[in-house]
Amino acid sequence: MNIKLTALLAASLYLLVACNNQAEDSKETSKESIKEAQTLSTPEEKSSGENVVRDKVSLKSKNLSIDKKLVDKNQKKSLLINGEKLIVHSAVLAKGTKVYSPSIQQVGIVKGNIVVVTSTFDINQLTAAYKISSITEIAENTFQLTPDDSEDLYRFYQSLQNAPEIEQVELSIDYSRYPPRAES
């Protein structure tokens, strides 16, 4: 039993030393080949190496911009607008943003106007209370508001909806550009 154990230990030690020597030899060989490559490379070869590095950097920047576009596309969120859930594929709701309505299964474009019904405010009070670039009275106690371009449209919509003086709020969405698909 002792002889077998001693032989096993000796063989293990021999393999360990052999592997260690081989690893050191390969390190030295790779260091020498790197030094030779550095001394043998011509200025043209060095510049082509720099071009390869520049190409890799430009590829990385292109990949980052592609990844950013994919992230932007994947930024879909559900918002409760006009009493229904709408899916928005944008970080900010603005004029021209595409929205999808699962209830009617259609894509629409946000027009940028909000229609409000209020019996307590008139045009002057609405203009004083909110950042509005234009306001039009479209019926009695009903106004079409166009917020300033700097306003986030969804936040503006929510502020109107949460105002006790405003009875009803509706964001204008145009569904006519994308007709529903025919069922087959």
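Worth a mention:
- Fully extended contour minus Cα-Cα distance, from Ile3 to Asp122, at 0.36 nm per residue: 32.3 nm
- The H on the amide N of Ser90, modeled in the peptide plane, is under 5 Å from the matching H of Lys77, each at least 5 residues off or on a different chain.
- Label-point gap, in nm, between Lys111 and Lys131 - each point 7 angstrom along Cα→Cβ: 2.3
- Solvent-accessible ranking of Ser78, Ser172, largest area first, probe 1.4 Å: Ser78, Ser172
- Histogrammed with a bin width of 10 Å, the alpha carbon distances of region 114-155 distribute as 29, 58, 12 percent, first bin at zero.
- Zone of Glu167's modelled label, taken as backbone nitrogen in region 126-147 under 11 Å from a point 7 Å along Cα→Cβ: 140-142
The values are calculated or read from the model by the stated rules, or taken from the named source; none is laboratory data. This one's a predicted model, so the numbers in the text were calculated from it and none came from an experiment. Cβ atoms come from the backbone with ideal geometry, glycine included; neighbour counts cover every protein chain shown. All accessible areas refer to the heavy atoms of the entire protein, side chains included, with ligands and DNA or RNA removed. Shrake-Rupley method; radii C 1.70, N 1.55, O 1.52, S 1.80 Å.
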